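The values are calculated or read from the model by the stated rules, or taken from the named source; none is laboratory data. Note that the structure is predicted; figures quoted are calculated from it, not measured. Using ideal geometry, Cβ is built from the backbone for each residue, glycine included, and neighbour counts are taken over all protein chains shown. Side chains included, ligands, DNA and RNA excluded: accessible areas come from the protein's heavy atoms. Shrake-Rupley method; radii C 1.70, N 1.55, O 1.52, S 1.80 Å.
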Amino acid sequence: MDEQIDYEDIFTPQGLLGEVSKHPNLDFLMNICNIPRVYSVSGFGTWNVGQHTLAVAFLALYWSSFCAHPAEKRDRLVTLALLHDAHEAVVGDILPFFKTRAVREAIDTIQQDIHNAFAIVEDQEARQEIKLLDKISFLYEISQSSPGGLDSSKRELLSQIYQRQREEVFRFAHQIPIDHDQVEQFLQSMNL
């Protein structure tokens, strides 16, 4: 009979996951630059999680300026953006469809350990804004993709992927709620 492995006992180059997630060192965090984005793995683009993270942090700066957020809120959003996918340094970029309840619980625990290590408390409003910026970052990533070869159907597929992600940005904005026109104006300001 197979014995189930506790994720905290998984070895990483920095030590046991259960220990390094609670005391993340720079090597652990910088590993996000070695993790390919799922979108890249599927054959589109060449981004890694580090590039995506940096784009979300830059978008937090642009969004904060656009919304005239006070400096404290801007800095909070940038900090949260820099850490929003820190767990992916060890678990990789996983499509949402494959995040079972057990996987989601492990990811959330690892992410919370990292936040705790830096005494970061995430409030609901900031979490929602970061999620919106995360979705916008993916839209930007798609916009930077180039279809390979001469097959025009790949260009059409890329256009469909972009359009679907743009719709996802507005669906999420409506859900949290952030005004559609505000998001539209922000996307236009970012040439998206």
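For the Cα atoms of the chain, what angle does the longest principal axis make with the long axis of helix 71-83, in degrees from 0 to 90, nearest 10?
Tilt of helix 71-83: around 60 degrees.
Can you list the trypsin sites (Lys or Arg not before Pro) in the range 1-81 that are in a DSSP coil and have 12 or fewer other beta carbons within 10 angstrom? Display every interim value, and only then the final one.
Values: sites: LYS22, ARG37, LYS73, ARG74, ARG76; in loops: LYS22, ARG37.
Loop-located and lightly packed - none at all.
Mind pulling the angle between the C-alpha long axis of helix 124-143 and the longest principal axis of the chain? Nearest 10 degrees, somewhere in 0 to 90.
60
For the range 10-132, give the magnitude of the charge dipole about the Cα centre (Cβ charges: +1 Lys/Arg, -1 Asp/Glu; no others), in debye to the nearest 20. Intermediate results must be reported in sequence, preceding the final value.
Working: 10 positive and 14 negative charges, 52 e Å.
That gives a dipole near 240 debye.
Give me the percent of accessible area attributable to carbon and sulfur for the chain, probe 1.4 angstrom.
Working: 6200 of 11400 Å².
Carbon and sulfur together cover 54 percent of it.
Averaging sequence separations of C-alpha pairs under 8 Å and six or more residues apart, then dividing by the length of the range 1-126, give the relative contact order as a whole percent. Each step should come with its number before you reach the end.
Working: 125 pairs, mean separation 34.6, N = 126.
Once divided by the residue count of the range 1-126, the mean separation gives 27 percent.
Identify which of THR100, THR79, THR53 has the largest mean-square fluctuation in a Gaussian network model of the chain, with springs joining Cα atoms closer than 10 Å.
Top of the fluctuation ranking is THR100.
Mind checking which of ALA57, ALA117, ALA68 has the largest fluctuation in a GNM of the chain, springs on alpha carbons under 10 Å?
Comparing ALA57, ALA117, ALA68 in a Gaussian network model of the chain, the most mobile one is ALA68.
How much length would be gained if the chain were fully extended between GLN128 and LYS99, taking 0.36 nm per residue of separation minus their Cα-Cα distance, in nm to one decimal? The partial results should precede the final answer.
Details: separation 29, 0.36 × 29 = 10.44 nm, distance 1.94 nm.
Once the chain is fully extended between GLN128 and LYS99, it gains 8.5 nm.
Helix 101-117 sits at what angle to the longest principal axis of the chain, using alpha carbons and giving 0 to 90 degrees rounded to 10?
Relative to the chain, helix 101-117 is tipped by roughly 80 degrees.
May I ask for the distance between the Cα centers of the range 52-86 and the range 116-192, given as a whole number of Å?
Between the Cα centres of the range 52-86 and the range 116-192 lies a distance of 14 Å.
Return the equivalent ellipsoid semi-axes of the range 42-192 as a descending list in whole Å, where each equals the square root of 5 times an eigenvalue of the C-alpha gyration tensor. Numbers along the way, then the final one.
Details: eigenvalues 133, 89, 38 Å².
For the range 42-192, the semi-axes come out at 26, 21, 14 Å.
Counting each DSSP H run of 4 or more residues in the chain as -39500 (n - 2.57), what helix-only mean residue ellipticity at 222 nm follows after dividing by all residues, to the nearest 500 deg cm²/dmol? Each step should come with its number before you reach the end.
On the way: 10 runs with 119 residues, N = 192.
Rounded to the nearest 500, it is -19000 deg cm²/dmol.
Over the chain, with a Gaussian network built from C-alpha contacts below 10 Å, which listed residue (ARG171, ARG101, ARG127) shows the highest mean-square fluctuation?
The residue that fluctuates most here is ARG101.
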